[in-house]
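Presented below is the structure to which this report refers.
None of the figures in this text is laboratory data; all of them are computed from the coordinates on show. A quick note: this is a predicted structure, and the numbers were derived from the prediction, not measured. Cβ placement follows ideal geometry from the backbone for every residue including glycine, while neighbour counts extend to all protein chains displayed.
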């Protein structure tokens, strides 16, 4: 399962100004970029519905050339939810009550379905007058065309193109273009890894698509192709390492199931093995009856 909330929170918290610049450039005109403070998440309990909610991101920012502050409250929604407009208003009301600051509310809808435009306001009214007209900003990624962001030198664009409107046959091309844009930005290794991991998670290609992806890489400029291949190679290395770790975890669970608890020293010895030894242990363990059999096998390996 993809942890959508964690991935989007990591992306936007690490590239917050780039996110605002990409989607709300007008806000950049009046915020002080040196005053950004990420506040602790707020936890709200909905007594009537028995639900517990946590805000995703709350950022306190100073108005440019002023001493006053405002908040940006940002939520990511990876699935459609009934009455989400009402929940956004409740967040707004409680945050406004606690902080007594102006609040700029934003929602990123990152789901693929439904395609219809999401609601961006919550209203309460009567036939003779309107009591409430609460509005919030909406970024509904499946309403954006990824091609419109190809020339945007922004790491958030490189990441979020993966969640935009993509024809199934374009997935390999989009992945290649996301990586091409990423390597042109010359980010530090940690930020490069964050974005590339985001891309690989949301554009996880099947075997047929991988072949097309390699073809797309061949059309890149030589320098871009070399740098993108470094990222792809690191993915492959990570995949191998993760596969070996999963294999070790499986073998250790099987040993414990067959022999009972094993001490930390034996477990560490198993975890130190390379893949060939782990596979050999996986075959040998069916002949073990006691912990001593395991010790003897490890001593002779």
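What the table below lists for this structure:
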| item | result |
| --- | --- |
| Fraction of beta bridges assigned by DSSP in the chain that are antiparallel (%, nearest 5) | 60 percent |
| Neighbour-count ranking [beta-carbon atoms within 10 angstrom, fewest first] of 162, 233 | 233, 162 |
| Read-out Rg and Dmax of the Cα atoms in Å, derived from the coordinates shown; its label in (1) 25.1, 88; (2) 21.5, 69; (3) 18.9, 57 | (1) |
| Angle between the chain longest axis and helix 4-14 axis [Cα atoms, degrees, rounded to 10] | 70 degrees |
| Computed FRET value (nearest 0.05) for residue 134 with residue 253, which takes r as the C-beta separation and R₀ as 41 Å | 0.20 |
| Cβ crowding within 10 Å averaged over residues, with 65-71, 289-295, 5-11 ranked highest first | 5-11, 289-295, 65-71 |
| For the stretch 4-143, share of DSSP beta bridges that run antiparallel, in % to the nearest 5 | 60 percent |
| On Cα atoms only, tilt of 275-284 relative to the major axis of the chain in degrees | 60 degrees |
| Contact order relative to length of the chain, as percent, for alpha carbon pairs under 8 angstrom and 6 or more apart | 10 percent |
